[in-house]
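Since the structure comes first, as C-alpha cells, the remarks are kept for the end.
The values are calculated or read from the model by the stated rules, or taken from the named source; none is laboratory data. Values in this document were obtained by computation on a predicted structure and should not be read as measured data. Backbone-built Cβ (ideal geometry, glycine too); neighbour counts: all protein chains shown.
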Amino acid sequence: MRSQAWGKICVVLLFGFAIVAVLSPEATNRLAHRVGVGRGADLLIYTLAIAFLGALLRYYIHRQADATKIVRLTRRLAILEANQNPHNTLSLKTAALGSVARGK
C-alpha cells in the first residue's frame, strides 16, 4: 500500500512539473540552472529518464514477486494433486505440510 501511495505522489509531481514547464518555460530554465543543467528542456528529459528507470525497477520487483508466488502455488497444487491420485503409492501429505509451513 505504501509503495502505491509513493508511486501516485511521484506521478502527480511529475505531471505538475510538466505543466509548469509548458506554462512557464523560463521557470524551468531557472530551476535547471540552479541544479546545474543547461536548459529546462534538458532537466525535463533527465527527470523523465529517472522516472522511467524507477518505473522499470518497480515493474521488475513486482514481476519477481509474482513469479515466486506462481512457483509456490504450482508446487502446492502438484502436491495436492499427487495426494488425490488413487494410484499414488507414496503419500506426500507430510511433504506438503512441511513445504507449505516452511514457505517453499
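Couple of notes before you dig in:
- Residue within region 38-55 that is surrounded by 10 or more Cβ atoms within 10 Å (Cβ to Cβ) and touching a Lys or Arg at 6+ places or on another chain (Cβ under 9 Å) present: yes
- Against the criterion of being of a type in the set (A, V, I, L, M, F, W, C) and at pLDDT 90 or above, Ala67 qualifies.
- Qualifying residue in region 1-9 (condition: of a type outside the set (Lys, Arg) and outside any helix (DSSP H, G or I)): yes
- Test result for Ala67, within 15 Å of the chain's Cα centre (by Cα) and not hydroxyl-bearing (Ser, Thr, Tyr): yes
- The lone criterion from (1) out of contact with any Cys (no Cβ under 9 Å at 6 or more places or on another chain); (2) closer than 18 Å to Leu13 by Cβ; (3) in a helix (DSSP H, G or I) left unmet by Val37 is number (3).
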